[in-house]
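I have placed the structure first, in the form of structure tokens, so that the comments after it can refer back to it.
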There are 2 protein chains.
Amino acid sequence: MSHQLHLGIGINSIGYLARAWPYRTGQRNDFINLEHYERLTRLAHQGRFDAVFFSDHPALMLDATQRPLHSLDPLVLLAVLGARVPDIGLALTASSTYNSPYNLARRVATLDHLSGGRAILNIVSSFSPRVAQNFGADPLPGRDERYRRAHEFLEVSKALWGSWRLSQQDSDDPEHLWDRASARDIDHHGEFFDVRGPLNIPSSAQGYPVIAQAGASDQGIDLAAQHGELIYCSLLNWQAAAEFGARVRARASELGREPGSVRLLPGLVVITAASYEQALRRHEQVSGAGSADGLLARFAQEIGADLSSFDPDAVLDPDLFKSDPDQSRPIGFSQALVELLAHEPLTAREIVRRYEGGHRLVLGTPEQVAHAIIEWWEAGLVDGYIIQLPNLPDDLQTFVAQVVPILQAQGVYRRHYAEATVRQRFGLPQPF
Amino acid sequence: MSHQLHLGIGINSIGYLARAWPYRTGQRNDFINLEHYERLTRLAHQGRFDAVFFSDHPALMLDATQRPLHSLDPLVLLAVLGARVPDIGLALTASSTYNSPYNLARRVATLDHLSGGRAILNIVSSFSPRVAQNFGADPLPGRDERYRRAHEFLEVSKALWGSWRLSQQDSDDPEHLWDRASARDIDHHGEFFDVRGPLNIPSSAQGYPVIAQAGASDQGIDLAAQHGELIYCSLLNWQAAAEFGARVRARASELGREPGSVRLLPGLVVITAASYEQALRRHEQVSGAGSADGLLARFAQEIGADLSSFDPDAVLDPDLFKSDPDQSRPIGFSQALVELLAHEPLTAREIVRRYEGGHRLVLGTPEQVAHAIIEWWEAGLVDGYIIQLPNLPDDLQTFVAQVVPILQAQGVYRRHYAEATVRQRFGLPQPF
């Protein structure tokens, strides 16, 4: 557990909430405009965020009532943003199912080198059949197979990242430009990959990129416990957060890792306004639901209930959201709701204010939001959050101007960047 | 044929010649230093080059007496350089054998968007077994199969780049953020790839990246004639250049392309000094041969001759360099020598001053070099050159300070960047 609050900012196109765009400022095409992303990254830097986080999936989302969520490739975009904005961590999401480890390890190592040790790699196994159709005739492999591949992908990547440990000292050997003995084949032969190596890039300032991981299925938690350094997850309730953290750290320990080398960073959707009441109205607006009744109608639809016979003030059955291990969509969001209801008897009217876009929702004044942020962190439940904001840049401007100064005044959050690499910033061990 | 001399600068690590490094200034580790590449790109911009060209292969070259030729991934490196340096074209090399078209098309489209239409994609089919071993247990496919794959790879890429043609106009549709009808599946099903599409990035300012191509085998020329817009090749002799250009353009015409939409940019290794004699000495030095006799000894070894019975003043037999269609190494360099000797009766003592690192060598004073550059271009043999320099940054500083001003004074070469995209700069047709 590190002794500083860590905040990442999720940069999901023009905002985290799919139907908030009518209420944002800027151009509709901002989702492919560099100026938009550069502005967000500069704002995040001004707000002293640990890192900008880009989620991704390589397919076009075809619902034109929503913003295209993932468009520009995050690896290339982050290379550009890192070249323009100093200090801030650069977290990219990439699929272990639809990349080859040599290419991806090399590209991320390049980002890590060129940014001076600021790369974070969030490996996902991909869950969309639409993505699978962009990469061949085979259907999406099952979850077990995808996670076995993700494990092997990270093992190969780490071996590659450590395969050439070139001294930074300039030698004066007249015959050799570099030390041949510093590079070694990895000779990996596994279920999915055969890779000889070595990588043609030496290890970076932080050894290798910080590994982030977001899966919440049993397989996802195993991957997190084995390889994850930053765990991005959905935690809707105090007890659920405590249990999840204990579970991941215990599994890490079983697998021989130092359990303190795992950082929990759940998603947090933040809606601020001048008063709590105004924040509620803003929630109704940016969610796309339009009103409190609209939120209930959307919830009824989500659980497949008939709105006419639906009692919004009845306590909900936790089994409502039980996930099926064979479901193709992410298990984490369903599971977080099951756990929330297991710990708190909530009605529909209450629960619709507790989460948005799958993650914990915090709404209120900047003071109320800052209090909620500090509370879980101070209790040691989490190491920080990935902040997800309805509209960008609007809500990031507000957060940086109004919430960050409170966190700084409380002494829990940095005023300046101090560490050279993101690995040091998160207090994570240097691999070599 | 465009009416301006085009110059690309090859940025191959710390210099084009593998054993020139003892004579360069800078640090040994410059091959992984961003400052080094940024400095080169700024120099190239100052010299008004059309583009920086990065060759690549995804494997470490293990001979430590040479500089590691390809280390940082050129896609990520060019994203950073494009973010730091305006105007200049960004040419990256990538393998069609060891990439998937959706990922690569998307990443290069991202580079193209973020750089405002400056991306150039040089597709290579890879020829090194060492590369194959980084991407699986299968051996390197044969040349025919690799080129069939390269063809299909570019067909799929172009279809993807045209699959979402979003208007740049901001609409005021209150229900839809973007025009759904602007995106279409490509539904490609071929020998190597099945790709549904659409790409999740709209077409860029230049439609799609400019396509470069370097293969000189029969298969390579077919790929160049079908898809190549910039043809990087080895041309050692006036007649050979005329014949090669005619051959590529005739084949392009057969394939239904406008033959004027092909730009020939052979490699040109430039060695300048205050006098021709000094340039000869410099050649002996940076080639690693050490002396005129050293050049002959290296040549004898190259052709497998016994130095003791070797007559450096005998006219050489053109069959000496005949390439084997089944050879694994690039055919272009052998072929260029065959054609040189077919057109000119040369001795070993003469031929060693005509090429270096596989490409045409021009050495002499800045005036002599500028004259040689202009001569072929003025005659319409070539559209320009990819300049390859023994040591970087040293020889680029010299070229920009001493050769470029002569070209500008002659009125054949730009003093300022005028066009918005590299496609316009090369006078190439806009695909859509």
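A few points about this structure:
- Inter-copy label distances at A:His176, shortest first and taken from points set 7 Å along Cα to Cβ: 6.4 nm.
- Contour minus Cα-Cα distance for B:His3 and B:Ser291 (0.36 nm per residue): 99.7 nm
- B:Ala379/A:Ala137 FRET efficiency (R0 60 Å; Cβ-Cβ; nearest 0.05): 0.75
- Convex hull volume of the C-alpha atoms in region B:185-339, normalised per residue: 199 Å³.
- Exposure rule at most 10 other beta-carbon atoms within 10 Å, DSSP loop GluC sites (Glu not before Pro): chain A longest free segment: A:192-432
- The amide H of B:Ser95, built 1.01 Å from its N in the peptide plane, has B:Val124 as neighbours under 5 Å, considering only residues 5 or more places off or on other chains.
- Using a cutoff of 8 angstrom between alpha carbon atoms and counting only pairs six or more residues apart, the relative contact order for chain B works out to 23 percent.
- Between A:Trp238 and B:Ala246, the simple label model (points 7 Å from Cα in the Cβ direction) yields a spacing of 8.7 nm.
- For chain A, a Gaussian network of Cα nodes joined below 10 Å ranks A:Pro101, A:Pro209, A:Pro139 by mean-square fluctuation, and the top entry is A:Pro139.
- Summed side-chain charge close to B:Arg39 - residues other than B:Arg39 whose Cβ falls under 15 Å, Lys, Arg +1, Asp, Glu -1: -2
- Average partner coverage of B:171-183, which counts Cβ from other chains inside 10 Å: 4
- All Cα pairs of the protein assembly as shown, percent lying beyond 45 Å: 30 percent
- Calculated FRET value between B:Ser253 and B:Gln410, using beta carbons and R₀ = 25 Å, to 0.05: 0.20
- Remark: label point of A:Glu375 defined 7 Å out from Cα along the Cα-Cβ vector; separations to the same position in other copies 8.2 nm, ascending.
- Phi angles across region B:175-185 convert, under the Karplus curve 6.51 cos²θ - 1.76 cosθ + 1.60 with θ = phi - 60°, into 3J(HN,Hα) values of 9, 10, 6, 9, 8, 4, 5, 7, 10, 9, 4 Hz, Gly and Pro given as x.
- Derived scalar couplings ³J(HN,Hα) [region B:135-149; Karplus, 6.51 cos²θ - 1.76 cosθ + 1.60; whole Hz; x for Gly, Pro]: 10, x, 8, 6, x, 4, x, x, 4, 4, 5, 5, 6, 4, 5
- For the protein assembly as shown, size of Cβ-based charge dipole, Lys and Arg +1, Asp and Glu -1, in debye: 1380 debye
- A DSSP coil position with no more than 12 other Cβ atoms inside 10 Å describes the following trypsin sites (Lys or Arg not before Pro) in region B:331-432: B:Arg415.
- For A:62-74, mean number of other protein chain Cβ atoms within 10 Å: 6
- Translational diffusion coefficient of chain A (Stokes-Einstein, Kirkwood radius from Cα pairs, 37 °C, 0.692 mPa s): 146 µm²/s.
- Under the convention that each Lys and Arg Cβ holds +1 and each Asp and Glu Cβ holds -1, the size of the dipole of region A:12-69 around its Cα centre is about 220 debye.
- Only one residue of A:Trp178, A:Leu160, A:Pro198 has its Cα farthest out toward the positive end of the dipole of region A:156-293, where Lys and Arg carry +1 and Asp and Glu -1 on Cβ, and that residue is A:Leu160.
- Simple Cβ-charge dipole of chain B, Lys/Arg +1 and Asp/Glu -1, about Cα centre, in debye nearest 20: 800 debye
- In summary, no lysines lie within cross-link reach of B:Lys322, defined as a Cα separation below 18 angstrom excluding same-chain residues under 8 places away.
- Label points for A:Pro86 are taken 7 Å from Cα along Cα→Cβ. From this copy to the others they lie 2.3 nm apart, shortest first.
- Cut-off under 5 Å, modelled amide H: who pairs with B:Ala212 long-range: B:Leu121, B:Asn122, B:Ile123, B:Glu229, B:Leu230
- The modelled label-to-label distance between A:Leu307 and A:Asp326, using points 7 Å beyond Cα along the C-beta direction, is 3.3 nm.
- Average partner coverage of A:129-136, which counts Cβ from other chains inside 10 Å: 6
- Karplus 3J(HN,Hα) series, Hz, for region A:313-325 with 6.51 cos²θ - 1.76 cosθ + 1.60 (x for Gly, Pro): 10, 8, 5, 7, 7, x, 5, 3, 10, 3, 8, 9, x
- For region B:13-77, the convex hull spanned by the alpha carbon atoms encloses 95 Å³ per residue.
- Net charge of neighbours whose Cβ lies under 11 Å from the Cβ of B:Gln27, counting Lys and Arg as +1 and Asp and Glu as -1: -1
Computed from the coordinates by the stated procedures, all read-outs in this text should not be read as laboratory data. Please read all numbers here as calculations on a predicted model, not as lab measurements. Positions of Cβ are generated from backbone atoms using ideal geometry, with glycine treated the same way; all protein chains shown enter the neighbour counts.
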